[in-house]
Amino acid sequence: MAAKITPRNKDYSQWYIDIITQAKLADYSPVKGCMVIRPRGYALWENIQQTLDRMFKETGHSNAYFPLLIPEGFIKKEAEHVEGFSPELAVVTVGGGEQLEEPLVIRPTSETIIWGMYKKWIQSYRDLPLLINQWANVVRWEKRTRLFLRTTEFLWQEGHTAHATREEAHEETLKMLFVYQRFAEEFMALPVLTGQKSEAEKFAGALATYAIEAMMQDGKALQAGTSHDLGQNFAKAFDVTFQDKDGGLQYVWATSWGVSTRLVGALVMAHSDDKGLVIPPKLAPEEVIIVPIFKNENKAAVMEYAVRLYNELKEQYKVRLDDDEASSPGWKFAESELQGIPVRVEIGPREVEEKKLMLVRRDTGEKQAVDFNRAADTIKQLLEDIQHTLFHRALMFRKEHTHSLSAYADFKKIMENQAGFVEAGWCGDPTCEEKIKDETKATIRVLPMGREQHEHKTCIYCGKPSRSLAVFAKAY
Ligand SMILES: [Zn+2]
């Protein structure tokens, strides 16, 4: 048989790694903590990237590229202005065989080098807003790594925008948060919570950090994207000012926002099953696979029929005809399930005779016989239905694993015995947040948006009046 995947309920962590490696999405690299993204994994990332890139451009952003190497002085400048900023840096000290005068840092994120350039590019209110995005790789020296979810080098996009007013920067921060939400829900079929991070969980350089958070199938949370309202911190660190309409000099307001190859891990963890990957059709590198089933005596007729179907579908769908004769149909079925191809078409002598074909959906395994001339239309409906079903399945799962609690004893029990989200009141005191984290390993994922009306009037830990609703969970 093709794959041997550890069942989810036996060992979720191993299940995840089995899927990534056996579906050939990624592999371990000679450098510890780095990963090789294989063609099938990269095809998924390309679909994610292309869709998001279109959405960024539709909202007025342009792409640019900044260097991988950043003078160490830039990072120090940032550290002076941003308390608690301590990225896990990789530093280059030798270049061309010679000791460098100033060490160069491999970018952990590009705020510093970008704001170093913005100082040159921004003089007047007419230069604003500046709406730039970069697709790049970054390096953070991680100790504990996991394929796609946390690796030393990863691919991402980082948007960096500059604005004339605080209000405009705040509006941009939320606009991009909602772009991420729309992408996650419409394309990844991944329901997400949106909201603000607590002080302890926010990016050190930000006034406020907003995030989208998704629930994985083990009930843990995964932060899938962040959008930061940076205030004037970077403008002050790099002395970026502009002349306003009245001739006065002001510091520029900033935002940054990013998602990474972590989204590939989220996609796998949210939808896949014990047979392998399950990929939402809108991001699937292949939507349809045709598997002909024949013996020598009917090979010609079956293949001719399969090719005819392939030609019928290829304009409209990303379709592959699996005509490899070295593998059995059973092996091909298992392989198409491992790869998560949304719709499989089976064609045998009987289908040829009856002018039909058998459609099998990857998400539910349901089979359906349809007439040849109904194939294209039925596949269209099926793909839409699979996309829809995956989203609702994930949404139902989140609802079933979200607990609204007011007693801390119940909170502890949930975190000990089963994972999931807990909605509870929080007084706003970081001490309560920290104690909860120490005692249960759960952190505040977000202070959810649109939930001002809620029944939790007291803090789940200390019992004082609650300042807001908080969603707690163990997280990746
Ligand atoms: Zn409290």
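With respect to R393, is the statement that it is open to solvent by less than 80 Å² (accessible area, probe 1.4 Å), more than 16 Å from the ligand (Cβ to nearest atom) and basic (K, R) true? Against the criterion (open to solvent by less than 80 Å² (accessible area, probe 1.4 Å), more than 16 Å from the ligand (Cβ to nearest atom) and basic (K, R)), R393 does not qualify.
Checking K120 against (1) open to solvent by less than 30 Å² (accessible area, probe 1.4 Å); (2) farther than 28 Å from I279 by Cα, which single condition isn't satisfied? Unmet for K120, out of (1) open to solvent by less than 30 Å² (accessible area, probe 1.4 Å); (2) farther than 28 Å from I279 by Cα: (1). Yes or no: A419 part of a helix (DSSP H, G or I), away from the ligand (no atom under 16 Å from the Cβ) and open to solvent by less than 70 Å² (accessible area, probe 1.4 Å)? No; evaluated as a whole, the condition is false for this residue.
Yes or no, residue by residue, for (1) among the aliphatic types (A, V, I, L, M); (2) farther than 18 Å from A169 by Cβ:
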| position | (1), (2) |
| --- | --- |
| P103 | no, yes |
| I113 | yes, yes |
| L128 | yes, no |
| N137 | no, yes |
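Residue count for the range 433-467 under the criterion of being buried (at least 20 other Cβ atoms within 10 Å of the Cβ) and within 13 Å of the ligand (Cβ to nearest atom): the result is 7.
Only residues that are at pLDDT 95 or above and within 11 Å of G425 (Cα to Cα) were counted in the range 445-454, giving 1. Among the residues of the range 422-432, those identified as within 14 Å of the ligand (Cβ to nearest atom) and closer than 20 Å to T194 by Cβ are A424, G425, W426, G428.
Listed by first and then second residue, the pairs linking a residue in the range 364-386 that is under 21 Å from V352 (Cβ atoms) to a residue that is in a helix (DSSP H, G or I) and open to solvent by 70 Å² or more (accessible area, probe 1.4 Å), with Cβ atoms under 7 Å apart and 6 or more places separating them unless they lie on different chains, are A375/E312; A376/E312.
Identification of strands (runs of 3 or more DSSP E) wholly contained in the range 310-383 with 3 or more residues that are open to solvent by less than 70 Å² (accessible area, probe 1.4 Å) and on the phi < 0 side of the Ramachandran plot yields 343-347, 356-361, 367-371. Scanning the range 8-32 for residues that are touching a Phe, Trp or Tyr at 6+ places or on another chain (Cβ under 8 Å) and assigned to a helix (DSSP H, G or I) yields a single hit, I20.
Here's the yes/no breakdown for (1) among the hydroxyl-bearing types (S, T, Y); (2) open to solvent by less than 10 Å² (accessible area, probe 1.4 Å):
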residue: K10; (1), (2): no, no
residue: I20; (1), (2): no, yes
residue: K32; (1), (2): no, no
residue: P39; (1), (2): no, no
residue: T51; (1), (2): yes, no
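A search for C-beta distances below 7 Å between a residue of the range 459-476 that is assigned to a loop (DSSP other than H, G, I, E, B) and any residue that is polar (S, T, N, Q), counting only pairs 6+ apart in sequence or on different chains, returns C459/S466; I460/S406; K464/T458; S466/T458. If W141 satisfies every condition in (1) farther than 25 Å from G41 by Cβ; (2) open to solvent by 10 Å² or more (accessible area, probe 1.4 Å); (3) more than 15 Å from the chain's Cα centre (by Cα) but one, which is the exception? The one condition W141 does not meet is (1).
Residues of the range 285-296 include at least one that is part of a helix (DSSP H, G or I) and free of Cβ contacts under 8 Å to residues at least 60 places away in the same chain.
The values are calculated or read from the model by the stated rules, or taken from the named source; none is laboratory data. Please read these numbers as outputs of a predicted model, since none were measured by experiment. So basically every Cβ, Gly included, is an ideal-geometry build from the backbone, and we count neighbours across all protein chains shown. What goes into the accessible areas is simple: the full protein's heavy atoms, side chains included, and nothing from ligands, DNA or RNA. Shrake-Rupley method; radii C 1.70, N 1.55, O 1.52, S 1.80 Å.
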